[in-house]
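Undergrad: One structure, pasted below without further comment.
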Amino acid sequence: MTEQKKLFIKTYGCQMNVYDSERMAEAMGAEGYVTTEIAEEADMVLLNTCHIREKAAEKVFSDIGRLRPLKLARPDLKIGVAGCVAQAEGAEILRRMPLVDLVVGPQSYHRLPAMMQAVGQGARPVDTDFPAEDKFDHLPDRPSPLRGPSAFLTVQEGCDKFCAFCVVPYTRGAEVSRPATRILAEARSLVEKGVRDITLLGQNVNAYHSDTGGLAALIHDLAAIDGLERIRYTTSHPNDMDDALIAAHGGCAKLMPYLHLPVQSGADRILKAMNRKHTAEDYLRLVDRIRAARPDILLTSDFIVGFPGETEEDFAATVALIEAVGYGMAYSFKYSARPGTPAAEKPMVEAALADDRLHRLQAILTRQQRQVQEEMVGREVTVLFEKPGRMPGQITGKSEYLHAVHVTADPSLVGTLARVRITGAESNSLSGVVLVSP
Ligand code: SAH
Ligand code: SF4
Ligand code: F3S
């Protein structure tokens with residue numbers, strides 16, 4: 001029996017990193033590591049990083065710096081950098097940060113145990129390959145227990161879209177889909193461990209295709225698994241919403257009425273400069289078709305303000321698109337120039353102007369979010385309870401629309417679905433009463 005060591009993982013960025021962190025923890029688990037929430041007691045600290053905006057990437061370096069006293073106190077503490085900054089910067093991280101012992105990219109983390117052995121022999125390995133072998137074939141089976149009844153499942157990786165602002169095609173590589181048989185097996189094993197709600201993940205998830213078909217076919221196959229109650233997917237590109245996937249929103253009861261469909265801007269000039277390959281009108285027509293299939297669907301999006309060349313008129317077009325769609329929630333970001341991307345060559349919008357637009361956009365999006373939440377009051381929803389709430393006697397879960405819902409109820413309901421009447425809306429969640437216990 002190997003001696004138990006402690007692993008602390010900090011995850012930055014998107015849900016795909018959350019999934020990867022779990023898989024890395026499992027890979028290290030097979031080597032005798034157990035995870036800890038306390039960095040100070042760890043034998044290894046792994047930072048699973050994000051490169052999407054400059055601030056996110058720079059935070060990693062300041063966080064590594066903050067680990068210095070820990071490493072000085074305990075020189076045998078190992079520090080690893082994983083994820084998209086690892087992929088983008090590679091060996092440069094070792095040069096800049098002498099504290100770091102290893103650097104591993106998002107496609108090679110199944111090699112972590114071997115890299116740790118090399119570290120044990122005094123090496124500082126870097127692996128940012130896109131290896132021919134599939135990392136998923138080399139990871140240990142997913143152990144139980146998992147964290148609650150909702151899980152992520154990566155089905156697709158990489159992106160071929162090359163939006164002019166985005167580093168993802170460089171950090172995650174070309175689009176690759178996992179075989180449907182593997183995904184179905186992983187889903188079945190998650191369900192056996194108590195999972196009821198699976199979110200399928202991909203950098204461009206609706207580009208998924210395997211020998212059994214596209215994402216719609218995969219969703220229908222997953223829906224046939226007994227005990228799996230809810231399916232979601234993220235993140236989608238508007239141009240990959242095909243007829244079958246739109247139809248699935250009307251025809252597959254387990255596919256939840258929630259869709260993250262980033263549009264980035266409402267101005268055709270900017271969409272073209274971003275290389276999004278669709279117009280605002282294309283997007284609005286797509287929204288109409290999705291709503292025709294599933295009228296109650298809750299839509300969310302991402303927006304970038306201050307993209308190079310964005311005028312006040314372009315910004316007004318984005319506001320008009322938001323008003324036309326009516327989002328349940330949306331993320332908005334100030335454009336960040338990323339090295340190596342085409343947009344980084346263009347002159348920036350003045351920072352104060354971009355800040356001002358970001359604040360105006362966020363005010364509009366917050367108002368829409370509140371309005372959608374207020375409209376839920378009085379309605380009945382189905383909640384999958386995930387964990388005890390913040391207040392004693394409370395439990396909390398997610399509605400089909402992915403709203404967080406708090407109720408006062410028996411903790412034994414955690415892991416189950418129940419009908420709930422919504423009685424109140426707070427800024428980021430809803431409260432309600434359970435109508436019938438299962
Ligand atoms: N694959 C997804 C998400 C990619 S990254 C998609 O295509 O929608 C998540 C979000 O970060 C993007 O939707 C975009 O809004 C934002 N983003 C990406 N690059 C950015 C940059 N250089 N500056 C600011 N925001 C950016
Ligand atoms: Fe980035 Fe565009 Fe690909 Fe999304 S679709 S990951 S924004 S390049
Ligand atoms: Fe960030 Fe990489 Fe995800 S850059 S958003 S962690 S794909």
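Undergrad: Could you tell me whether the stretch 380-436 comes out rounded, prolate or oblate from its Cα gyration tensor? Rule is a ≥ b ≥ c as square roots of the eigenvalues, rounded for a/c under 1.5, then prolate if a/b exceeds b/c, otherwise oblate.
TA: Judged from the Cα gyration tensor, the stretch 380-436 comes out rounded (a/c under 1.5).
Undergrad: Mind listing the phi-derived Karplus ³J(HN,Hα) values for the stretch 402-412, rounded to whole Hz, using 6.51, -1.76 and 1.60 with θ = phi - 60°, and x for any glycine or proline?
TA: 6, 6, 6, 10, 9, 9, 9, 6, 5, x, 5
Undergrad: Under 16 Å from a label point 7 Å along Cα→Cβ of residue 96: give me every residue in the stretch 311-349 with its amide N that close.
TA: It comes to 337-341, nothing else.
Undergrad: On the accessible surface of the chain, probed at 1.4 Å, how many percent belong to carbon and sulfur atoms?
TA: With neighbouring chains kept in place, the figure for the chain is 53 percent.
Undergrad: Extending each Cα 7 Å along its Cβ direction at residue 10 and residue 211, get the distance between those two points in nm, one decimal.
TA: 4.4
Undergrad: Still on this structure, please answer the following. What are the ³J(HN,Hα) values, in whole Hz, obtained from phi via the Karplus relation 6.51 cos²θ - 1.76 cosθ + 1.60 with θ = phi - 60°, for each residue of the stretch 21-29 in sequence order, with x given for Gly and Pro?
TA: 4, 4, 5, 5, 4, 5, 4, 6, x
Undergrad: By the gyration tensor of its Cα atoms, with a ≥ b ≥ c the square roots of the eigenvalues, what is the shape of the chain: rounded for a/c under 1.5, prolate for a/b over b/c, or oblate?
TA: Here the chain falls in the oblate category.
Undergrad: Express as a percent, rounded to the nearest 5, the fraction of DSSP beta bridges in the chain (both residues included) that run antiparallel.
TA: Around 35 percent antiparallel, to the nearest 5.
Undergrad: Taking θ as phi - 60°, what are the ³J(HN,Hα) couplings along the stretch 414-430 by the Karplus curve (6.51, -1.76, 1.60), each to the nearest whole Hz, with x for Gly and Pro?
TA: 4, x, 10, 9, 8, 6, 9, 9, 6, 10, x, 10, 9, 5, 10, 7, 10
Undergrad: Ok, one more. Averaging sequence separations of C-alpha pairs under 8 Å and six or more residues apart, then dividing by the length of the stretch 1-152, give the relative contact order as a whole percent.
TA: Reported as a whole number, the value is 22 percent.
Undergrad: Using a 4.7 Å cut-off between beta carbons, which cysteines in the chain end up with no partner cysteine at all?
TA: 14, 50, 84, 159, 252, each lacking another Cys Cβ under 4.7 Å.
Undergrad: Sticking with this one: Return the long-range amide H neighbours of residue 199 (sequence gap of 5 or more, or a different chain), with a cut-off of under 5 Å between placed amide H atoms.
TA: When sequence neighbours closer than 5 places are left aside, the close amide H contacts are 151, 152, 153, 232.
Undergrad: Cα gyration tensor of the stretch 145-375, axes a ≥ b ≥ c as square roots of the eigenvalues: rounded (a/c below 1.5), prolate (a/b > b/c) or oblate?
TA: Prolate is the answer for the stretch 145-375, as a/c is 1.5 or above and a/b outweighs b/c.
Undergrad: With each run of n ≥ 4 DSSP H residues scored as -39500 (n - 2.57), what mean residue ellipticity at 222 nm is computed for the chain after dividing by its residue count and rounding to the nearest 500 deg cm²/dmol?
TA: -10500 deg cm²/dmol
Undergrad: Take the alpha-carbon centre of the stretch 107-182, take the same for the stretch 44-78, and report the distance between them in whole Å.
TA: Each part's Cα centre sits 20 Å from the other's.
The values are calculated or read from the model by the stated rules, or taken from the named source; none is laboratory data. Because the structure is a prediction, the values reported are computed rather than measured. Glycine gets a Cβ as well: all are built from the backbone with ideal geometry, and neighbour counts include every protein chain shown. The accessibility values were calculated without ligands, DNA or RNA, using every heavy atom of the protein model including side chains. Shrake-Rupley method; radii C 1.70, N 1.55, O 1.52, S 1.80 Å.
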